[in-house]
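Here's the structure we're looking at; comments come further down.
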Amino acid sequence: MAAKAEPIGPRNGHELAPLNTRADGSERPHGVTIVLQGSRGSLQREIPGEDRAAWSGKLQFFLSIIGYSVGLGNIWRFPYLCQQNGGGAFLIPFLIMLVLEGIPLFLIEMAIGQKMRLGSLGVWNTIHPWLGGIGISSCIVTLFVALYYNVIITWVFFYLFNSIRLSADQLPWAHCPQDNSSAEIECNKASATVYYWYREALDASPSIEEPGVPRWWILLYLLLAWVIVFFIVMKGIQSSGKVVYFTSLFPYAVLTIFFVRGITLPGSADGILHMYKPKLEKLLDPTVWLDAATQVFYSFGLAFGSLIAFGSYNPPNNNCVRDVLLVSVCNALTAIYASVVIFSILGFKAYTMVEKCITKEVKVLAMHQIDGFTLNSTFDYYKEEYPNLNTTITSLLNLTGCAMSRQLEEAAEGTGLAFIVFTQAILKLTPAPFWSIIFFLMLLSLGLGSQIGIMEGMLCTIFDIDFFKRMSKPVITGAVCTFCFLVGLIFTTGAGEYWLKMFDSFAGTIGLVVVALLEMVAVVYIYGHEKFSNDIYEMTGYRPGWYWQITWRYVGPFIVTCILLSSLVFMLINPPTYGAWNAAEGRVEKTPYPNWVLGIACAMILAGVLPIPLVLVLRRFQCLALDVDIHQGSIRRIETTVSTKEMMSDQDVLSPENAPPAPAQLVAEAAGTKFTIGDFDSSDTEPDEVNASEKFDDSSSSDEEILNTKTTSTGIRLAMKPIGHKPTTFKMDVVDD
């Protein structure tokens, strides 16, 4: 008698059934995950785009992760934090937070993606349907970040193309206008580099409430940036994987060139020593530890869904633990290395500024005939005699002393470091256009590498939804990029930088931290840390020890909770402000955001957080008549634990009477019956219909007894073969007799 195929699929739109439960309700001694895999077209229909993408090699995967994790923050955020938070002493909390927070959460995202072979939305739906909102929140927050991150690439393009000159004097930010106009007065009050950034590049408006029309040159560069991003990510990793060889390796080449040049410049040693000279008393400040934890969190690109997507493209037996450790070490060393390079150049810049300052003050002292100073007095004479001058005289003459430390303490981060401070330092290098071109090429590579990862995390979630699988990837990618470009027009106005600051402060902070916290809770306490450890052991042959268990269960969630609470408290205590350009004074003034802008900011935060409780409520009370099936690929073992049992409704818990069928029953025999198992789709309209005449004995207590079965009508055998290092995960191949 042929085995009758029962409908195999999601219950209430989701897979919840454990596969190691016999039909009589008893449990097998070891959990078994069955992965059905077609052979020679036997059960699997070849549908274009149906198979999940995979890396072409280990190097491509590693470079993609490095390109995503090592971003602009390593260049313009980490050096600033070191300078502000105790110099070399900041490395202590940074490395501690790396070990306690960054690496454990990094492994959670990589391993869970590799295990389930799904994007962010699919992973959390699979762990439990009530958690599906985590994937939606991650996708929304990633969209917000992608919107403004590409604007930074736009500005890099602007500076890159304007760096193509023959000499330093021809660089557009080298000199102020010489037309006796208000522009020249404004530039002289600021500086040439500051004026060029705010007036020539951005044409900044006086406030966020007066944006003006889009600046056509920024609009064109933004269009160029999105077109390039589209062509890179339009086919997923099949297209983006070829670009990472450049975006990941080129920044290291440029950093090395700058390092070799920087350490040979005068003042470079002073810059490096100033940055890394430890100030251990700073370690008593809690904000230093909070800054370290926050930097680790954002430098890894956690909670975007990108790491889950990258992990899902790996083979099941990939050693994800080794990958996480290598990438973590590379990320930390890159940040330290980049800081040395940046401050060697800034030390040279400070040296030139000190020389300029001394020349000016010697001239002032000579004009007033103070203590024998003449126009020919040397720098050494100034340094020897200045401490002996009467403080009354120095204050009356507005003399500063021209100290290196004062120049180096004028810290800058973000766009200020890249587009103002560093461009000013580049003017002193020879040939300046060459150094400017390779510097902005490096920023372009870093920006594109991170943007590729951000887009991949968002698009992978979209590609895993059945509805969008009917459409080609380039069409979906083109629609997403077009939408992002249209929304991004707000960044091309005179208030573009102000809006970017607001997005950076609100859209990509609270939402990401909430998602990260719930990811740890979902994997460790709902999916189960023991089962997760077993999954890692099956995939890698390495069983996570006490370090992983403690950081996953206690330390990691505690640190992320502290980041979340401190961020909320900081926002409430310190009203958020932005730097508005004051043309009359030639400087930036801190200006509070208007209430309507804060309303938009709150709306973005809620948009990134509300899907989590909303999906939980809708699915708990069965409010959705139609739910989206996002599950693709193989059948998975999703068992219940003590912590998940209470979360499941009566409809979700399987009784022995309606337990899942044995593996042999996964083959259809009845005409007119259509069923889907993982990647297999069979119906009465297909010629490859397979009938089963034998059933497994559900009373068998040995898993080895179900490894093979034969059909009597077609003469084929379904062979179960183990996957990974532990024989509890199998794939089913169809072998011709």
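Write down the Å³ per residue value for the convex hull defined by the alpha carbon atoms of the stretch 173-232. Display every interim value, and only then the final one.
On the way: hull volume 7.1 nm³, N = 60.
Dividing the Cα hull volume of the stretch 173-232 by its residue count gives 118 Å³.
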- Item | Theoretical gain in end-to-end length, Thr430 to Val588 [0.36 nm per residue, Cα-Cα removed] | 53.9 nm
- Note on the structure: Two pseudo-spin positions, 7 Å from Cα along C-beta at Lys356 and at Val487, lie apart in nanometres by 4.1 nm
- What base-10 log of the normalised intensity I(q)/I(0) is obtained for the stretch 263-327 from the Debye formula, alpha carbons as equal point scatterers, at q = 0.17, 0.22, 0.26 Å⁻¹? -0.83, -0.96, -1.12
- Message: Roughly how far apart, in whole Å, are the Cα centres of the stretch 560-593 and the stretch 383-437?
- Response: 26 Å
- Message: Can you give me the Rg/Rh ratio for the stretch 295-339, using Cα atoms for both radii and the Kirkwood formula for Rh?
- Response: 1.02
- Which of the pairs Lys282/Lys383; Lys349/Lys383; Lys282/Lys590 have their Cα atoms more than 24 Å apart in this structure? Lys282/Lys383; Lys282/Lys590
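Rank by packing, highest mean first: peptides 184-196, 497-509, 379-391, with packing defined as the count of other Cβ atoms within 10 Å averaged across residues.
Numbers: 184-196: 19.3, 497-509: 21.8, 379-391: 12.6.
Final packing ranking: 497-509, 184-196, 379-391.
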- Item | Three semi-axes of the equivalent ellipsoid, the stretch 198-295, Cα gyration tensor, whole Å, largest first | 35, 26, 19
- Over the stretch 328-395, with a single point scatterer placed on each C-alpha, what log10 of the ratio I(q)/I(0) does the Debye formula yield at q = 0.12, 0.16, 0.20, 0.26 1/Å? -0.48, -0.63, -0.80, -1.09
- Query: Roughly speaking, what is the centre-to-centre gap between the stretch 218-268 and the stretch 501-537 when only Cα atoms are used, to the nearest Å?
  - Reply: 29 Å
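Roughly how big is the stretch 336-418's charge dipole about its Cα centre, with Cβ charges of +1 (Lys, Arg) and -1 (Asp, Glu), in debye to the nearest 20? Could you put the intermediate results ahead of the total?
Numbers: 6 positive and 9 negative charges, 38 e Å.
The dipole of the stretch 336-418 has a size of about 180 debye.
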- Which value in Å does the Kirkwood hydrodynamic radius of the stretch 122-203 take, with 1/r averaged over all unlike C-alpha pairs and then inverted? 16.3 Å
- Message: With an 8 Å Cα cut-off and a minimum separation of 6 or more residues, compute the relative contact order for the stretch 275-383 in percent.
- Response: 15 percent
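Which chymotrypsin sites (Phe, Trp or Tyr not before Pro) from the stretch 510-613 combine a DSSP loop assignment with at most 15 other Cβ atoms within 10 Å?
Values: sites: Tyr525, Tyr527, Phe532, Tyr537, Tyr542, Trp546, Tyr547, Trp548, Trp552, Tyr554, Phe558, Phe570, Tyr578, Trp581, Trp596; in loops: Tyr542.
Listed in order of number, the matching sites are Tyr542.
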- Kindly provide log₁₀ I(q)/I(0) values, in the same order as q = 0.12, 0.23 Å⁻¹, from the Debye equation applied to equal alpha-carbon scatterers of the stretch 129-256. -0.70, -1.40
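Beyond 27 Å between alpha-carbons counts as too far, so tell me which of Lys242/Lys501; Lys189/Lys428; Lys242/Lys428; Lys360/Lys428 fall in that bin. Display every interim value, and only then the final one.
Numbers: Lys242/Lys501 32 Å; Lys189/Lys428 21 Å; Lys242/Lys428 36 Å; Lys360/Lys428 18 Å.
Among Lys242/Lys501; Lys189/Lys428; Lys242/Lys428; Lys360/Lys428, the Cα-Cα distance tops 27 Å for Lys242/Lys501; Lys242/Lys428.
Find the relative contact order for the stretch 489-568 and round it to a whole percent, using C-alpha pairs within less than 8 Å whose residues are 6+ positions apart.
Taking the mean separation of contacting Cα pairs over the length of the stretch 489-568, I get 32 percent.
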- Query: Taking the simple approach of a point 7 Å from Cα along Cα-to-Cβ for both Ile96 and Tyr547, what is their distance in nm?
  - Reply: 1.7 nm
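Quick note: the coordinates plus some simple rules give every number you see, no bench work behind them. Given the structure is predicted, the values throughout are model-derived calculations rather than measurements. We place every Cβ from the backbone using ideal geometry, glycine too, and count neighbours over all the protein chains shown.
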